[in-house]
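The block underneath contains the structure these notes are about, expressed in structure tokens.
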Amino acid sequence: MVDGRMLIDAGRYLGADEAAIMAAGTAAIGKIWDLPEAQAAFNG
């Protein structure tokens with residue numbers, strides 16, 4: 001609880017659309033992986 005509001009219940013975040021947060025995070029990671037710098041760092 002934060003300031004009297006329940007934010008997490010049974011391991012789930014209640015403050016926003018969890019699916020939308022996951023989709024935005026997945027899209028951001030995809031953009032990072034597509035960068036030439038990331039490819040060079042992880043592919044040798």
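Among the candidates M6, M22, the residue that is modelled with pLDDT of 90 or more and surrounded by 10 or more Cβ atoms within 10 Å (Cβ to Cβ) is uniquely M22.
All of (1) of a type outside the set (S, T, Y); (2) at positive phi; (3) modelled with pLDDT under 90 hold for G15 with one exception: (2). Reported count of residues in segment 9-19, each being surrounded by 10 or more Cβ atoms within 10 Å (Cβ to Cβ) and among the aliphatic types (A, V, I, L, M), is 1.
The values are calculated or read from the model by the stated rules, or taken from the named source; none is laboratory data. This structure is a prediction, so every number in the text was calculated from the model and none was measured. Here Cβ is always computed from backbone atoms with ideal geometry, including for glycine, and neighbour counts include all displayed protein chains.
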